[in-house]
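The block underneath contains the structure these notes are about, expressed in structure tokens.
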Amino acid sequence: MKNTKYTALVIGFAITILTVGVTTYVVNSVAYAKTQLFQPSILSSATPRVALQIGHWKNNELPDELDSLRGSSLGSHGGGVTEPEAMLVIAEKTAELLEPYDVEIELLPATIPPNYTADAFVALHADGSENRAAHGFSVSRSGYSLTPASQELSGVINAEYQAATGLVRSGRITRAMRYYYGFNWLKYEHSIHPQTPAAILETAFLTNAADQDFLINQADIVAEGVANSIITFLELDLE
């Protein structure tokens, strides 16, 4: 009888210790999440930072954790122009349009700095399809985002980009867009911070003759659509 009581006492004590340990772990984990992921502001600078990532640019320099994308993800092409070439021109023109505003612009290649933070992150791409009739643009928010601002950014781009370019929405939002590697902070070190408002824009189809001509020869208008999206989203004023 005494052995039974002693055993019950030991088991009860062990359960108490285990419960305290698990509770402490959960409390610490929640505290970490609040301090690391749910900060009211992830940037201390008063000047907003905008990142424009050029899709597939310098793909051969991707880190080892993304080595599967180095050779298999080269982007679309058409009219003698590759996707990164077309997107680099548009990104540079967008940056020029934003120069008069109080905003810091950073052009990023395929490799994103670890745990990257910004007030807005837009990945610029050109779509492609074996169906040469496929045309138009598409926008997707980050599927890994922990801020509703990503949805807002996506909506602003949809409206402003269409207004500036006159292009139709293709309606093609793929899983690869929503769960873009650059958004995937759960898996990759080289990705954006989960509190960074983020969206991916497929500007048009390089494989469609009309879209291709627009992207290559009307890059100023494409850039205007991207710049207007940033200005509206961040409510920027001229310096």
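Taken together, the values in this text are just the output of simple stated rules run on the coordinates, not laboratory data. Just so we're clear, the structure is a prediction, and the values are computed from it rather than from any experiment. Virtual Cβ from ideal backbone geometry, glycine too; neighbours counted across all protein chains shown.
Some notes on this structure:
- FRET E, pair residue 61, residue 176, Förster distance 30 Å, beta-carbon r, rounded to 0.05: 0.90
- Listed residue (209, 165, 230) projecting farthest to the positive dipole end of segment 132-239, Cβ model: 209
- Kirkwood Rh and Cα Rg combined as Rg over Rh, evaluated for segment 49-234: 0.93
- Cβ charges +1 (Lys, Arg) and -1 (Asp, Glu), total dipole of segment 49-234, debye: 660
- Euclidean distance of C-alpha centroids, segment 105-123 and segment 166-219, integer Å: 14
- Spin-label model, residue 189 to residue 209: label points 7 Å out along the Cα-to-beta-carbon direction sit 4.9 nm apart.
- Approximating the spin labels as points 7 Å out from Cα along Cα→Cβ, the residue 132-to-residue 47 distance works out to 4.7 nm.
- Rule-of-thumb Rg ratio for segment 68-110 [Cα; 2.2 N^0.38 Å; N residues]: 1.45
- Remark: relative contact order (segment 49-234) = 31 percent; criterion is Cα-Cα distance under 8 angstrom and separation of 6 or more residues.
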